[in-house]
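The values are calculated or read from the model by the stated rules, or taken from the named source; none is laboratory data. Since this is a predicted model, take the numbers as computed values, not measurements. Cβ placement follows ideal geometry from the backbone for every residue including glycine, while neighbour counts extend to all protein chains displayed. Quick note on the areas: whole protein, heavy atoms, side chains included, nothing else; ligands and nucleic acids left out. Shrake-Rupley method; radii C 1.70, N 1.55, O 1.52, S 1.80 Å.
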Amino acid sequence: MRNVLTFAAILLISACRTDYDIEEVATAEFLGQDHVHADSCETCGEETTEVEHDHPEGEHVHDPAGSDRHIHEAGVRNHGTEWFFNQPWAADFIWGKMVRDSVILVLLATGLIILSGYRRKNR
Amino acid sequence: MRPVMTFALMTLRSLLRRRTIWGISIVILIALVGIGQVPGYGVSNQGRFMLDFGLFGLEIGTLLLAIGLASNIYPRDRERKTVMPIIAVPLSRGQYLMGRFVGAALVQAAAMLAGCLGLMVILMLNEHAIPPDLFPATGLLIVEGWFLLAVVFFFSFWTSPPLNAPLTILLFIVSQMSVSGFVGLLPTAPGIMRTLRLLLPHMDVFHIKDPIAHGMDVPGLYFLLAMVYGLSYMVFMLAVALAVFRKRDLK
C-alpha cells in the first residue's frame, strides 16, 4: 500500500505543477488589465460631471455627484479587483491545465485501482 | 452494476431514516430564510448580497452534508459487524464502496437542488431577478459535494469519525488557498509547503458565486471543465479510498 501511495504521490508531484496558481502564471497583459488611473486627469473640470475620457487603461465616467470618484462600466476592471479576476473562471489560460490535471487524475485512479486489486489478489 | 445500484438504494433509504440529514437540511433552509429577511435599507442591488450569501451558505452546507452523511457509514458498519457478511458474499469491496458512495451522493444532490430552489424562491419573494447561471452553479456545488464525500469516505477508512470532520474541514480550507498563500503559512519551508500544496486539490475552481452575484456571464465551457475536474478528483479520491479499504483487515 505504501508503495502504491508513494507511486501516486510521485506521479502527482511531477505532473501537476505549480503553474496552476493564477498569480504566478498569469501574463503581464492579464494582470495589467487592472485599471490604473493616470495622474493627468485635470481636464475633467469641476463643472463637468459626466464626461468620458480617452484613458490609457480603460474608460470611466465621473461620479455624477461631483466627487473625485469615477465609475467604471459593469464588467470593466476597477481598482483593487485583482482578487476578483484572479479566479479560474476569469483566467481562461488555465482551463487547459484543468483538462490536463483531469486526465492525469483519471489515469492515476485507474492505475491505483488496478494495482490495489492486483495486490489484494496476491495476498 | 445492478448490485451496486441495489446497495446504493439501500444506503439512500437508511440515510433518509437518519436525523442528521434532515437536521443539516433544515439548518441550510433556515439560513436561506434568514438571508431573505435581511432588510435592504433601500440599497438598489440587495439581490447581489442575497445571492452571494445564499451560494456561500449552500457551499458550507455541502461540506456539512458530506461530513454528516458519510463520516459514520463505514465505522457504523464495522462496529455492527454488518460489513463482513456484505463483502463476504454478495459484494466486492469496490462494490461496497461504490454502493455506499452513490447512495450518499444521491441524497447530497437532492439536498443541494432543494437548497437552490429555496434560494430561487427567496429571490422571487424579494422581487429580485434569478440569474440564469444559478442552476449550473448549483451543479458545480453538487460536484464539489461529491468530491468532499469521496474525501470523507477516504478518511473514514483509516480515522475515527471525530477526527474525520476536522481533517475534511482542514482540507476544505487549505484547498481554497493559492500556492503563494499556502506557502505563506510556513515561509521558512517554502519547498515542503509548495510540494504539499501540489498534492491538494484546487477547490477554487468551484468558486463561482462572485461573478454570478455581480451579474457577469460565465462561459458554459468553464462550468463543463470545472465539473470534469471535480469529477476526476472525486474518482481519484475514491480510488485512494478503495486502495486503503482493500488493504484493511476487517477481522
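Here are some notes:
- Residues of the stretch B:78-99 satisfying the condition of being in a helix (DSSP H, G or I) and either small (Gly, Ala, Ser) or under 28 Å from B:Leu141 (Cβ atoms) (or both): B:Ala88, B:Gly94, B:Gln95, B:Tyr96, B:Leu97, B:Met98, B:Gly99
- Among (1) touching a helix residue (DSSP H, G or I) at 6+ places or on another chain (Cβ under 7 Å); (2) away from every other protein chain (no Cβ under 11 Å), the one test that B:Ala213 misses: (2)
- The one condition in (1) at pLDDT below 85; (2) open to solvent by 20 Å² or more (accessible area, probe 1.4 Å) that B:Arg197 fails to fulfil: (2)
- Residue under evaluation B:Gln108, criteria (1) out of contact with any helix residue (DSSP H, G or I) (no Cβ under 6 Å at 6 or more places or on another chain); (2) within 27 Å of B:Val218 (Cβ to Cβ); (3) polar (S, T, N, Q), criterion not met: (1)
- Test: residue in the stretch B:158-178 that is of a type outside the set (S, T, N, Q), at the interface with chain A (Cβ under 10 Å from one of its Cβ atoms) and buried (at least 19 other Cβ atoms within 10 Å of the Cβ): no
- Taking the criterion of being within 19 Å of the chain's Cα centre (by Cα) and either in contact (Cβ under 8 Å) with a residue 12 or more places away in the chain or in a loop (DSSP other than H, G, I, E, B) (or both), the residues of the stretch B:26-50 that qualify are B:Val27, B:Ile28, B:Leu29, B:Ala31, B:Leu32.
- Scoring B:Ala226 on the criteria (1) more than 17 Å from B:Phe101 (Cβ to Cβ); (2) more than 10 Å from chain A (Cβ to nearest Cβ); (3) aliphatic (A, V, I, L, M); (4) part of a helix (DSSP H, G or I) leaves a single failure, condition (2).
- Of all residues in the stretch B:204-221, those being surrounded by fewer than 21 Cβ atoms within 10 Å (Cβ to Cβ) and without any contact (Cβ under 8 Å) to a residue 60 or more places away in the chain number 5.
- Which numbered condition B:Phe49 fails, given (1) within 30 Å of B:Ile86 (Cα to Cα); (2) touching a helix residue (DSSP H, G or I) at 6+ places or on another chain (Cβ under 8 Å); (3) of a type in the set (Phe, Trp, Tyr): (1)
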